[in-house]
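*Asks:* Below you will find the structure I want to go over with you.
The values are calculated or read from the model by the stated rules, or taken from the named source; none is laboratory data. Quick caveat: nothing in here was measured; it's all calculated off a predicted structure. Methodologically, a virtual Cβ is constructed for each residue, glycine included, from the backbone with ideal geometry; neighbour enumeration extends over all protein chains shown. The area values use the complete protein model at the heavy-atom level, side chains included, leaving out ligands, DNA and RNA. Shrake-Rupley method; radii C 1.70, N 1.55, O 1.52, S 1.80 Å.
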Amino acid sequence: MIDDQLQQARQYLAAARRVVVFTGAGISAESGVPTFRGKDATWKGMPAAVASSIGLLEQDLTTAWEWFDYRRTLLKTVVPNAAHLAVAQAETRFEDFLVVTQNVDGLHQKAGSQRIIELHGNIWRGRGLRTGKRYPLPETPLPTLPPRGDQDEPLRPDVVLFGEMLPAGAFEEAEIAASRCDVCLVIGTSGVVYPAALIPFAARDAGAAVIEVNPESTDLTPHMTLSLRGLAGDIVPRLFGQASTSPGLPFTMHTGQG
């Protein structure tokens with residue numbers, strides 16, 4: 001039965017010319033990236049959601065950077081897992097292939113993916129407060145907080161904070177790609193963060209096969225063509241016909257409205 005379900009998902013991919021891979025926190029959690037979610041997620045007694053807010057940045061840029069540089073130190077030794085690598089390796093197999101990620105950790109880039117839309121930015125970059133110019137910031141911990149760019153311009157983290165809009169054009173570009181794809185893989189996202197969660201619906205409404213990979217049911221599950229239960233590091237390499245390197249969990253198929 002499991003082989004039959006996997007084969008059905010593979011058949012969708014085998015017939016596809018255009019593929020969108022939409023990823024969330026779950027794919028990176030398998031690499032050990034902390035999600036900082038829930039009411040108990042705090043830093044120095046401050047809720048993580050407050051530490052990641054535009055309000056704190058506007059009030060105290062140095063403290064905001066202390067929080068983000070703390071997160072960066074946690075990510076310093078984290079490496080892509082089998083799912084990230086499988087997605088990167090599959091990119092050249094299709095006429096059009098795009099990764100749309102909600103993650104800010106840069107693990108898709110580390111894995112080798114080339115075409116990526118980062119809906120929520122990247123924690124390894126800074127952005128000028130005046131000019132908006134972006135700067136790579138690979139070093140952690142940073143030598144000075146806040147870091148500075150050209151002409152001593154203070155930088156902010158180049159990520160979308162609570163209370164901010166998505167980067168101009170990022171969601172629109174992702175939505176257009178989803179509406180034109182043949183298959184949309186939805187990996188490790190709960191589907192509760194908007195507007196990002198609309199991406200799978202754009203694909204579904206345009207007639208694409210939408211395949212979810214997640215250890216548990218989500219708000220997206222009833223709307224998926226297939227919903228495969230298990231770890232991304234186990235399932236995603238198998239979807240692309242690659243060897244899996246993680247034990248994974250048994251997975252089942254949910255046939256939804258796709």
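*Asks:* Give the distance, in whole Å, between the Cα centre of the range 201-230 and the Cα centre of the range 103-158.
*Replies:* Here the answer is 31 Å between Cα centres.
*Asks:* List the residues, sorted by chain then number, that are 5 or more residues from VAL210 or on another chain and whose placed amide H is less than 5 Å from its amide H.
*Replies:* CYS184, THR225, LEU226
*Asks:* Would you mind estimating how fast the range 15-68 diffuses translationally, via Stokes-Einstein at 37 °C and 0.692 mPa s with the Kirkwood radius over Cα pairs, in µm²/s?
*Replies:* For the chosen part, D equals 244 µm²/s.
*Asks:* Could you list the residues of the range 152-193 with an amide nitrogen less than 14 Å from a label point located 7 Å from the Cα of ASP219 in the Cα-to-C-beta direction?
*Replies:* Counting backbone N atoms under 14 Å from the label point, the list is 189-193.
*Asks:* Given a 1.4 Å probe, how much area per residue of the range 146-191 is accessible, in Å²?
*Replies:* 44 Å²
*Asks:* Next question, about the same structure. Among the GluC sites (Glu not before Pro) in the range 25-102, which ones are in a DSSP loop with at most 16 other Cβ atoms within 10 Å of the Cβ? Mind listing them?
*Replies:* GLU95
*Asks:* Quote the accessible area belonging to ARG71 in square angstrom, nearest 10, computed with a 1.4 Å probe and with ligands, DNA and RNA left uncounted.
*Replies:* 50 Å²
*Asks:* A further question on this structure: Just checking my list (1) 20; (2) 25; (3) 28 against percent of Cα pairs over 30 Å apart computed from this structure; which label fits?
*Replies:* (3)
*Asks:* Using a Gaussian network model of the chain with C-alpha springs under 10 Å, which one of PRO143, PRO167, PRO200 is most mobile by mean-square fluctuation?
*Replies:* Of PRO143, PRO167, PRO200, the Gaussian network model singles out PRO143 as fluctuating most.
*Asks:* Hey, any idea what the orientation-averaged projected area of the convex hull of the range 20-151's Cα atoms comes to, in nm²? Write down the numbers at each step before the final one.
*Replies:* Numbers: hull surface 36.2 nm².
Spelled out: convex hull of the Cα atoms, projected over all directions, averaged, 9.1 nm².
*Asks:* How long are the semi-axes of the equivalent ellipsoid of the range 130-226, taking √(5λ) for every eigenvalue λ of the Cα gyration tensor, in whole Å from largest down?
*Replies:* 36, 16, 11
*Asks:* Largest first, how would SER179, SER53 line up by accessible area (1.4 Å probe)?
*Replies:* SER179, SER53
*Asks:* Let me check against my output: what whole-number percent is the relative contact order of the chain, with C-alpha pairs under 8 Å and at least 6 apart?
*Replies:* 23 percent
*Asks:* I've got another one for you. Rounded to the nearest percent, how much of the accessible area of the chain (1.4 Å probe, protein heavy atoms only) is carbon and sulfur?
*Replies:* 53 percent
*Asks:* Now, a different point. Report the FRET efficiency, 1/(1 + (r/R0)^6), for TRP43 and GLN114, where r is their Cβ-Cβ distance and R0 is 41 Å, rounded to 0.05.
*Replies:* Efficiency, rounded to the nearest 0.05: 0.75.
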